[in-house]
Every structure is written in structure tokens, then in C-alpha cells.
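The values are calculated or read from the model by the stated rules, or taken from the named source; none is laboratory data. For clarity, every value in this text was computed on a predicted model and none was experimentally measured. Neighbour counts run over all protein chains shown; Cβ positions are idealised from the backbone, glycine included.
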DNA sequence: TATTGTTATACTCTATAACTATA
DNA sequence: TATAGTTATAGAGTATAACAATA
């Protein structure tokens, strides 16, 4: 994947990886940023996603499995480790003895906030090379792809759904 | 991260996640495609990257570590598993008794080709919602971000360097 | 019976530290 | 000494299958 299109000699400003390689390489760039920032706070990307999701809601294990697209048994271990580090807490659910909810601790909330801010800063640095108008266009185009994909998968988009 | 901007009511066509959340969600979308395609061929993303890199070159373990940004001890295991599955082969390097080169087997080459084609198809599906001109614009903008980032990191871009 | 969650198990992926062999 | 690579070890992340408890 991600082979540079070298059919023709191109100047830097004309160069185009093509839509597929462009998106693939861009995704690795973004993931690298997420990974570096997460590592700087000594957590993994998945742990960062977990606390990011829980910033403004509390979810059960099965719901987390759905949002993170993991098996529920994987969530058990994920939450175990996050709990051991004091980032989240399991709480009982009144009215359903089977269920638990996972909520952020204040430490987890603080980490989520710092992580988000740092990713924000570093990704903005990454697009500093674009003009304001290009940045806005990229933002809109990325949004359209994401929303189209979500719609294709039948996800709810109308109720202020927060992605991850 | 990736909170929907809900400051104002917006119609779908105007909606904008913002540059940061847009890029983050887009990256997860792309990574999900890569993961699904890899899984369909019963390999991990990192195994797919490994054989993708080796499509048109043979590298030593230390070079692979650099390209994949992993410790060389991690490469040992990665290549071990790929070799066990018949995807790559270690070969001796004439003139340096310490070194080995890793090369694709024909099975590995075939898999790399199929993987690339399938990612190509699925990512094109993912952007089918965009008009041709928007797709081209997205491609160019993604390229600019990637190249700017590479330049910032002082990477070589001129010699047909293949990304991953 | 269905749902929620955990446990047991096995594998992949990763890093650190210590090691061997060659240059 | 420096470089190329492996081994030993430990831990995170993941899935499958089997299980317990509750609805």
C-alpha cells in the first residue's frame, strides 16, 4: 500500500499520492500523533480512547465493547488495567444486578482533558502547512467521509453522538 | 477527542467536525478498513505493513525496525511469525556475516498484492460519497499534510520513497 | 431463555536488557 | 568498539469458549 505515484515528474505542490495512499499515509500520521501523545502520558491509544469515550457519559461493558468494536472479554481486561491505574471505576447499576457502569475518576478525567488538549495542539501543528482555507476544506471533506461512512453503517448521527 | 461540534444546529451538508476531530475520526475509519481487510486475509495490520514494505525491496532487520519504528527485538518476532506462515524468508547477505535480509516469498508477494487491491477497493468505496472533484481535492490535501510532515521530520521524499 | 459480565486460555505485539557473532 | 541480530522476560491487547448471575 501507499506507493508514491511516480508516473510523472511532479513539483512538490502538484504531487499527489492519490486518494488511497493519501488517506492511508495520513491515517498513519494521525495515529502516530495519538500514539506519541498517549505514550507521553504513559497510556496506550486504546486506554486513551476508553477515557475519551467516558469523558461525558458512563457506559456498561457491553456498550463499551460496541463502541470500541471489541469483544466484551477484551473490555474486562481493558477496564481492569484502567481501574488498576486509577483512571476509571466500576459502579453498580441500580435496578440491574448484572450490569456495571464504568465511570472516570477525577484522575481519569484530568488525563482525558490533557490528552485531548495535547492531541489538539499537535494535530494543529501537523496541518500548519496548509492555508486557513485549505484547512477548512480538509476539515469539511474529512467530516463528509466520516459521516457518509457512519450513515452507511446505520449509525446514529443526529443526537450529538460523540465519536472517538 | 473527537467531539461533535454542536455549538450550532447544522444541516448534514454543512456539518463540520473540525480539523482535529475530522482527522482523528478519519484515521480510525481508515485503520478500521486496514484492519478488516488484514483480518480477512488472516493477518494483522503490522504483518500487512511488513509485506507491503517488502513488495519491492529487501531490507535488513535493523532497517525494518527503522521503517516500522519498532525495536529490533520486535522485528525478530514479527519476522519469525511471518516466516512461520511462509510469507517471508531470511536470506544471508554476501559480505556481511552478521546481517540478514528479509524477502517476500511468492506467497507473501501474492498476499501483498491482494491486500493492496482490496484496501484500494474498500477505501474507494468509503469515499464514493464525494464528487470526483472533492475526492481529488481530498487526495491533494492529504498529500500536502503527509509531505509537509515528512519534510518537517527531514525524511527523503525525492527518491521514489515508498510509504507504508 | 436471553443478557451482562468474568474467567481461562492462547496468541500477537511490543519494549528492555543481556547476549552472541561479526566487522 | 561498534553493528546486526537473537533470546529471555514481562506486560498489554485481543479473541474464543465456557461459565455464573441476573432478568
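Summary table below
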{"quantity": "Hey, residue B:52 more than 12 Å from DNA strand C (Cβ to nearest atom), touching a strand residue (DSSP E or B) at 6+ places or on another chain (Cβ under 7 Å) and assigned to a helix (DSSP H, G or I) or not", "calculated": "no"}
{"quantity": "Qualifying residue in the stretch A:47-59 (condition: more than 14 Å from chain B (Cβ to nearest Cβ) and over 23 Å from residue B:29 (Cβ atoms))", "calculated": "yes"}
{"quantity": "Residue count for the stretch B:79-107, restricted to those that are within 12 Å of DNA strand C (Cβ to nearest atom) and either over 15 Å from residue B:46 (Cα atoms) or modelled with pLDDT under 95 (or both)", "calculated": "10"}
{"quantity": "Residue count, the stretch A:71-93 (criterion: in contact (Cβ under 8 Å) with a residue 12 or more places away in the chain and either assigned to a helix (DSSP H, G or I) or near DNA strand D (Cβ under 7 Å from one of its atoms) (or both))", "calculated": "6"}
{"quantity": "Hits in the stretch A:44-66 (condition: surrounded by 14 or more Cβ atoms within 10 Å (Cβ to Cβ), within 12 Å of DNA strand D (Cβ to nearest atom) and under 12 Å from residue A:102 (Cβ atoms))", "calculated": "A:50, A:51, A:61, A:64, A:65"}
{"quantity": "Boolean, residue A:43 is within 12 Å of DNA strand C (Cβ to nearest atom) and either in contact with a helix residue (DSSP H, G or I) (Cβ under 8 Å, 6 or more places away or on another chain) or closer than 21 Å to residue B:26 by Cβ (or both)", "calculated": "no"}
